[in-house]
Each structure stands twice: as structure tokens, then as C-alpha cells.
Amino acid sequence: MKKDYFDTLLGLLRKGSVRRFTSLEGDTLGKENLNDNIFSGRVLEEDLTPQVHLVLFGAGHVGKAVFRLARLLDINVTVIDSRDEILIPEDFPGADLIKVDYSDLSSLKLDVYNPYYCIFTHGHFGDKECLEWCLHQESEYVGMIGSKGKVKTTFEKLRNEGYTEEQLSRVHAPIGIKIGGDTPAEIAVSIMGEIIQVYSSKANRSLADIPLLEEVAEKGNGVLCRIISKKGSAPRQIGTSMFVTADTVYGTVGGGALEKRTIEDARALQGDALLKEYVLNPKGDLNMICGGDEEILFQRVE
């Protein structure tokens, strides 16, 4: 595989999920294609998905509550508001904070993977403007807070301005799943429940390790090792990857004897690809106690 392929893959992942097909047998073993299955025989199909990055329009009580829940889930967050006095780093530790006037979002540029947009501006004064901006972005999730009446009024205004039903159908409004409750914390639980529901509902979902893919795209000259299947209590999920070069290892396929052997096999790889099964119990040659089996695909990157 050419490392330039990973630049293309990363570009697509900025917009959200990418359907990836990987050939697991025959002359095409280890070859990949995006969006369409061009292979015959055994093929791994994945919805390759970066970790969600929440973009919150509004740093008020609901924004703070959503931020806290997102961080419990190890989700990165960008917080946008028009007020200096509300964008306090101590209230949003580790978040990217952006001050912008909602009436002029033309200068707003975000450089994140898989953004999920949540709109709850102060007094709803900027909701419509933020929603218009979001509708011009590529994203798997846009949610806007508000009553059914307020949402209906906002949608009517947007229809009159030329927005289509297809565009408006993307919007989760009122935002969140119905659980009852009306405190900021309860509303945040509702919102995060819907977000989890959206990103976890994809069939064959596989989490993309963006830092590892960036290393592959930058350096090349190594072997990408990816878990293709697992049985029993194997330590990592399908799609977990590790990149092995002559002198460095990025990522992990689970540690221990399995990882040591995988690194050795990667550095000894002959040819462009190999699919190998590892037995993870005391009866196997790795003498591991976790149980189960794993298949790992080795792909040479140049």
C-alpha cells in the first residue's frame, strides 16, 4: 500500500465515517477500497469512524453540563460563544474555546475530525444563525435545542430562505432523546444519549485511530497490523491497529506475548500482505491465558 492512500483516507474521515472494504484472500489479500466493494471472496466491511468531536454553540448551563458528560466519555470538545465572560477555561478544562459573533460566522473555521454540532445559544438569540452555518458543513449530527413551536418557526424561516427538506431532515430538533427532566444535567443526559445512539448505531462500526493513521501517512516504510476477527476474550476489538517500522512501534494490538509476536512477524514479513491467526490460550504457542483467537492482517506500507 502507498502511504498517499492514507492521506486520502484521512481527508474523508474529517467529514465523518468512511465505508472501507478490505480483501482477505486471494491475489488481492490486503488491498482496500473505499465506499465500494470491488473484491470477490472473503471481505471485511467496516464503517471506519473517527472519535466524535463535539462542537457546542453556547457555553451556558446546558453547554457546561454537556461538556462534563462528554469528557467522562473521553470525547474532545470545542465550545463556541459570543461572550468573553462565559468562555472561562476553568469551566471547560481541555476544551478549545472560540469567541465569535453569531451574526457573522463567516470567519469560523474548524479543523476537527467527525464534528457533532450542538446548538443552544443564550436565549436562543443565535440558534438560527448557527444552524445555517452547520447546514453548510459535512457532519453526521446536528442538534438544536428548543420547543417544538420554536423549532417549527425556525424551520419555516429557513424554508423561506431556500433550505430544502433534505437539509432540514438532518437536524435533530428538539435535541435529545425523551427521558423526562428539565434541569441542565438532565437535558445533557438526553443530548449525550442521542449522540451515543447516533454514532453507535452504525453496522460494522470500527473506531479509526487518527494519530496512528497520521503516522502511517507521514512516515510509511512499515507494516500496518490490524485485528480482523476475534473469538472469546481477546484483549482488543476488531479494527484495532498497530504500525511497526524497523525501529518504532505505534499503537497496540493488546500487549503481552501476542504483541511481541506480532511485532516480530511484521518485521519478518515477506511480500505485501499476510493474514495470520493467533491462538490466545495455554494450548497455543503463545501460552496466553486470556483465551480466544485473533486474526491479524499485515499490510506493507511504502
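The values are calculated or read from the model by the stated rules, or taken from the named source; none is laboratory data. Predicted model only: the values in this text are computed from it and were never measured. No Cβ is skipped: glycine too gets one built from the backbone with ideal geometry, and neighbour counts run over all protein chains shown. Keep in mind that these areas ignore ligands, DNA and RNA; they rest on the heavy atoms of the full protein, side chains included. Shrake-Rupley method; radii C 1.70, N 1.55, O 1.52, S 1.80 Å.
For this structure, a couple of remarks:
- Region 98-176 - percent of accessible surface contributed by carbon and sulfur, probe 1.4 Å: 49 percent
- Straight Cα distances below 14 angstrom link K99 to the aspartates and glutamates D81, D84, E85, with same-chain residues fewer than 8 positions distant left out.
- Table column - 3J(HN,Hα) (Hz), region 105-121, Karplus curve with 6.51, -1.76, 1.60, x for Gly and Pro: 9, 4, 8, 6, 10, 10, 10, 9, 8, 6, x, 10, 9, 10, 10, 7, 6
- Measuring only protein heavy atoms, the 1.4 Å probe finds S106 accessible over about 90 Å².
- Angle in degrees between helix 256-267 and the longest Cα principal axis of the chain, rounded to the nearest 10: 70 degrees
- Cα shape, region 237-280, gyration tensor, a/c 1.5 rule: rounded
- Relative contact order, percent, region 118-268 [alpha-carbon distance under 8 Å, six or more residues apart]: 14 percent
- For the residues D91, D74, a 1.4 Å probe over the protein chains yields an accessible-area ranking, largest first, of D74, D91.
- When the chain is treated as a Gaussian network with alpha carbon springs shorter than 10 Å, the biggest mean-square fluctuation among P50, P211, P115 belongs to P211.
- Annotation: for a label point projected 7 angstrom from Cα along Cα→Cβ of E45, residues of region 157-200 with backbone N closer than 19 Å are 200.
- Applying 1/(1 + (r/R0)^6) with R0 = 22 Å to the Cβ-Cβ distance of L73 and L110 gives a FRET efficiency near 0.65.
- Pairs of Lys residues in region 108-257 that lie 8 or more places apart, or on two chains, and have C-alpha atoms under 15 angstrom apart add up to 6.
- Cα convex hull, region 106-200: 114 Å³ per residue, rounded to a whole number.
- FRET efficiency, D293 to E85 (Cβ-Cβ, R0 41 Å, nearest 0.05): 0.10
- Relative intensity, log₁₀ I(q)/I(0), of the chain from a Debye sum that treats every alpha carbon as a point, q = 0.12 Å⁻¹: -0.87
- Area accessible to solvent at E218, 1.4 Å probe radius, in Å²: 120 Å²
- Solvent-accessible surface (1.4 Å probe) assigned to F298 amounts to roughly 0 Å².
- The chain - percent relative contact order, Cα under 8 Å, separation 6 or more: 18 percent
- 3J(HN,Hα) couplings calculated from phi for region 37-51 with the Karplus curve 6.51 cos²θ - 1.76 cosθ + 1.60 (θ = phi - 60°) are, in sequence order, 8, 9, 9, 10, x, 6, 9, 8, 10, 9, 8, 6, 10, x, 4 Hz; Gly and Pro show x.
- Averaged per residue, the chain has 49 square angstrom of accessible surface, using a 1.4 angstrom probe with ligands and nucleic acids left out.
- Overall, the accessible surface of region 217-269 at a probe of 1.4 angstrom is composed of carbon and sulfur to the extent of 49 percent.
- Of the solvent-accessible surface of region 1-48, computed with a 1.4 Å probe over protein heavy atoms with every protein chain present, carbon and sulfur atoms account for 43 percent.
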